[in-house]
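The values are calculated or read from the model by the stated rules, or taken from the named source; none is laboratory data. Keep in mind that this is a model prediction, so the values were computed, not measured. Neighbour counts run over all protein chains shown; Cβ positions are idealised from the backbone, glycine included. With ligands, DNA and RNA removed, areas are computed over all heavy atoms of the protein, side chains included. Shrake-Rupley method; radii C 1.70, N 1.55, O 1.52, S 1.80 Å.
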Amino acid sequence: GNVFLEIKDGVGANGSKALEVKRDKTGNFEFVLDFEGGKLNESEYLIVWMDFTNMEFRKGCVGLVGNDGVKHPFRTDDYDAVTTYYYLADGSDTWTTGTLGGDGCFGEGDGSSLKGKKGYFAFSLEKLRQKGKALADDELITGFYFYGDIKDDTYKDVAFYIDDVMLAKTYENNAYIDGAVEDAKE
């Protein structure tokens, strides 16, 4: 099958442009959005605005691409355990806590469906792994990683959207996360 990626107007955070993602058949797929490389420094969270209003996955995960001479993803899937994420629904001022399934993935197959959710998701960098290896502060990060397995043919050719991929530091009450999101909204 094919994965179709296209920038669309008016479908992202606050009506901005966003990446529209569609797949023309069920099954596993993955893609990487490359960006100018940099170090994590004091960042603690990967924050991504995503719209899963109409999409259901059997399982899926996100991550960052590291590059130590060879590109490789650090992803929630490789953490391989139940883990939490934070979610700020569009139109809300309050972050809520959700859980990824037992293998670090989201989706109906893991009892952690994101269908119907639209807003900012924050994932702990501490929980991203690459074959058991944790991210190091000095790791060169060169992209955002997404893996999905669409639930069934009902969701074939159905779009979901990704916008505002960012890194942020946090402290009590998610204040830095809120700051990063406010900056993105502007």
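For segment 177-186, check the following and say yes or no: at least one residue is more than 15 Å from Val48 (Cα to Cα) and either part of a helix (DSSP H, G or I) or at pLDDT below 90 (or both).
Step one: list which residues in segment 177-186 are more than 15 Å from Val48 (Cα to Cα), which gives 186.
So of that shortlist, the ones also either part of a helix (DSSP H, G or I) or at pLDDT below 90 (or both) come out as 186.
Checked segment 177-186: at least one residue is more than 15 Å from Val48 (Cα to Cα) and either part of a helix (DSSP H, G or I) or at pLDDT below 90 (or both).
Hey, can you tell me all the residues within segment 44-70 that are open to solvent by 30 Å² or more (accessible area, probe 1.4 Å), assigned to a loop (DSSP other than H, G, I, E, B) and not acidic (Asp, Glu)?
Of everything in segment 44-70, those that are open to solvent by 30 Å² or more (accessible area, probe 1.4 Å), assigned to a loop (DSSP other than H, G, I, E, B) and not acidic (Asp, Glu) turn out to be Thr53, Asn54, Gly69, Val70.
From the set of residues in segment 71-105 that are more than 18 Å from Ile150 (Cβ to Cβ) and among the charged types (D, E, K, R), which is least open to solvent (accessible area, probe 1.4 Å)?
The residue in question is Asp78.
Being at pLDDT below 95 and either under 19 Å from Asn14 (Cβ atoms) or among the aliphatic types (A, V, I, L, M) (or both): is that true of Asp93 here?
On the way: at pLDDT below 95: yes; either under 19 Å from Asn14 (Cβ atoms) or among the aliphatic types (A, V, I, L, M) (or both): yes.
Answer is yes for this residue.
Taking the conditions exactly as written (in contact (Cβ under 8 Å) with a residue 60 or more places away in the chain, out of contact with any His (no Cβ under 7 Å at 6 or more places or on another chain) and open to solvent by 30 Å² or more (accessible area, probe 1.4 Å)), does Leu128 satisfy them or not? Give the steps one after another, and end with the answer.
Numbers: in contact (Cβ under 8 Å) with a residue 60 or more places away in the chain: yes; out of contact with any His (no Cβ under 7 Å at 6 or more places or on another chain): yes; open to solvent by 30 Å² or more (accessible area, probe 1.4 Å): no.
The answer is no for Leu128.
Which residue out of Glu108, Glu172 is of a type outside the set (Val, Ile, Thr), surrounded by fewer than 19 Cβ atoms within 10 Å (Cβ to Cβ) and at pLDDT below 85?
Glu172
Consider Leu135 carefully, then state whether it is open to solvent by 60 Å² or more (accessible area, probe 1.4 Å), touching a strand residue (DSSP E or B) at 6+ places or on another chain (Cβ under 6 Å), more than 23 Å from Gly12 (Cβ to Cβ) and not charged (D, E, K, R). If you could, list the steps in order and put the result at the bottom.
On the way: open to solvent by 60 Å² or more (accessible area, probe 1.4 Å): no; touching a strand residue (DSSP E or B) at 6+ places or on another chain (Cβ under 6 Å): yes; more than 23 Å from Gly12 (Cβ to Cβ): yes; not charged (D, E, K, R): yes.
Taking the combined requirement at face value, the residue does not satisfy it.
Anything in segment 117-140 that is aliphatic (A, V, I, L, M) and under 25 Å from Thr99 (Cβ atoms)? List them, or say none.
Scanning segment 117-140 gives Ala122, Leu125, Leu128, Ala134, Leu135.
Has segment 140-159 got at least one residue that is touching a Gly at 6+ places or on another chain (Cβ under 8 Å), open to solvent by 40 Å² or more (accessible area, probe 1.4 Å) and under 20 Å from Ser43 (Cα atoms)?
For segment 140-159, residues touching a Gly at 6+ places or on another chain (Cβ under 8 Å), open to solvent by 40 Å² or more (accessible area, probe 1.4 Å) and under 20 Å from Ser43 (Cα atoms): present.
What number of residues within segment 82-113 satisfy the criterion of being closer than 21 Å to Asp51 by Cβ and part of a loop (DSSP other than H, G, I, E, B)?
So the answer is 9.
Table: residues versus (1) without any contact (Cβ under 8 Å) to a residue 40 or more places away in the chain; (2) touching a Ser or Thr at 6+ places or on another chain (Cβ under 6 Å).
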residue	(1), (2)
Asn28	no, no
Phe31	no, no
Gly37	no, yes
Leu46	no, no
Met55	no, no
Arg75	no, no
Gly91	yes, no
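In segment 9-30, which residues are closer than 17 Å to Val48 by Cα and open to solvent by 70 Å² or more (accessible area, probe 1.4 Å)?
Within segment 9-30, Asn14, Lys17, Glu30 qualify.
Within segment 31-43, how many residues turn out to be open to solvent by 70 Å² or more (accessible area, probe 1.4 Å), under 21 Å from Gly179 (Cβ atoms) and in a strand (DSSP E or B)?
Of segment 31-43, the ones open to solvent by 70 Å² or more (accessible area, probe 1.4 Å) are 34-36, 39, 41-42.
The next check asks that each one be under 21 Å from Gly179 (Cβ atoms); those that pass are 35, 39, 41-42.
If we keep only those that are in a strand (DSSP E or B) too, we end up with 35, 39.
So the answer is 2.
Does Gly116 qualify as being open to solvent by less than 60 Å² (accessible area, probe 1.4 Å), closer than 25 Å to Val181 by Cα and part of a loop (DSSP other than H, G, I, E, B)?
Numbers: open to solvent by less than 60 Å² (accessible area, probe 1.4 Å): yes; closer than 25 Å to Val181 by Cα: yes; part of a loop (DSSP other than H, G, I, E, B): yes.
Yes, satisfied.
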